[in-house]
1. Of all residues in region 71-92 being charged (D, E, K, R) and part of a helix (DSSP H, G or I), which is nearest to E60 (Cα to Cα)?
2. When the residues of region 121-141 are filtered to those that are open to solvent by 60 Å² or more (accessible area, probe 1.4 Å) and over 30 Å from A154 (Cα atoms), which remaining residue is modelled with the highest pLDDT?
3. Kindly indicate whether R101 is open to solvent by 30 Å² or more (accessible area, probe 1.4 Å), basic (K, R) and at pLDDT 85 or above.
4. For region 142-166, name all the residues that are at pLDDT 85 or above, of a type in the set (A, V, I, L, M, F, W, C) and open to solvent by less than 100 Å² (accessible area, probe 1.4 Å).
5. Taking the residues in region 31-59 that are part of a helix (DSSP H, G or I) and open to solvent by 30 Å² or more (accessible area, probe 1.4 Å) as candidates, determine which candidate is modelled with the lowest pLDDT.
Amino acid sequence: MGLKLGNQPTHTMLLNELKIIEIFCQLDDFTEKCEQILEGKLIGKQSPYSVNKPGISHSEIVCIEILYHLSGYKCFQYYYEQTVKNGALKSYFPSAPSYSRFVQLKPRVLPLIILYLNLCRVGWLCNLYYTDSTSLSVCHNRRIYNNKVFYGKAKRGKTSTGWFYGFKLFLV
């Protein structure tokens, strides 16, 4: 049975209330442990005087992301506004920010999501991996012959947006 908004079903979600709570508790314990281990070891730690502290925790952000992928929705914005902000998950995430603010917060939890999925879930069980690449451009294409720093190491390459001179970084 899917989650319901009043008397109308919003979208089929194959999770019940206990499963949502179980997922959140696992994520909360995991993120708490990770933050204890990584505390003081990360570059660019936030200032204690930061004024833009979110009202939603990292574990809540990760939980919303994972529930989205389990929900069957195709559009994250529609899922967030219809299910999290105004729908069946509103009582679970009462301090959820606006959609645009949530999108700004998502990059903060990407390492946590990757660690959680690889250490606690399916990454090593079924040998499925996600790969992506990006270009690290050394200089503009017009200045290739003047570049002496990476001479012999950097190469020309092509991405979907055009040619570059530099390196290609692969993330698995």
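The values are calculated or read from the model by the stated rules, or taken from the named source; none is laboratory data. Remember, it's a predicted structure, so these values are computed and weren't measured experimentally. We work out accessible area using only protein heavy atoms, side chains counted, and drop any ligands, DNA or RNA first. Shrake-Rupley method; radii C 1.70, N 1.55, O 1.52, S 1.80 Å.
1. Checking each candidate, the answer is K85.
2. In this case the residue turns out to be R121.
3. Taking the combined requirement at face value, the residue satisfies it.
4. The answer is A154, F164.
5. By that ranking, first place goes to L38.
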